[in-house]
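S.K.: Got a structure here, written out as structure tokens. Questions coming.
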């Protein structure tokens, strides 16, 4: 059971790193924001499911930061269309 929690914790950190990679990739901004948002929500779920304090804090905070960046990316994309 402990090993499964560690795997979920690692997955939450990996999803945050994947979100960072998608943030800097030169794909369309709206598609980037959608992908980052979905990956971040998945990472938050992994972090909370791990139930280990270290992974919950690190995984949730890093994925929430990337979720916020996705939201700002959507706002910036819509603002630039004006």
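S.K.: Taking residue 36 as the residue in question, decide whether it is under 18 Å from residue 80 (Cβ atoms) and in contact (Cβ under 8 Å) with a residue 24 or more places away in the chain. Lay out the reasoning, then the answer.
M.R.: Values: under 18 Å from residue 80 (Cβ atoms): yes; in contact (Cβ under 8 Å) with a residue 24 or more places away in the chain: yes.
Yes; evaluated as a whole, the condition is true for this residue.
S.K.: Could you look through segment 52-74, keep only residues that are in contact with a helix residue (DSSP H, G or I) (Cβ under 6 Å, 6 or more places away or on another chain) and more than 23 Å from residue 33 (Cβ to Cβ), and pick out the one that is surrounded by the most Cβ atoms within 10 Å (Cβ to Cβ)?
M.R.: Ranking the candidates gives 55 first.
S.K.: Could you please let me know if residue 80 is at pLDDT below 85 and out of contact with any strand residue (DSSP E or B) (no Cβ under 9 Å at 6 or more places or on another chain)? Walk me through how you get there before you give the answer.
M.R.: Working: at pLDDT below 85: yes; out of contact with any strand residue (DSSP E or B) (no Cβ under 9 Å at 6 or more places or on another chain): yes.
Yes, satisfied.
The values are calculated or read from the model by the stated rules, or taken from the named source; none is laboratory data. All values reported here derive from a predicted model rather than from experimental measurement. We place every Cβ from the backbone using ideal geometry, glycine too, and count neighbours over all the protein chains shown.
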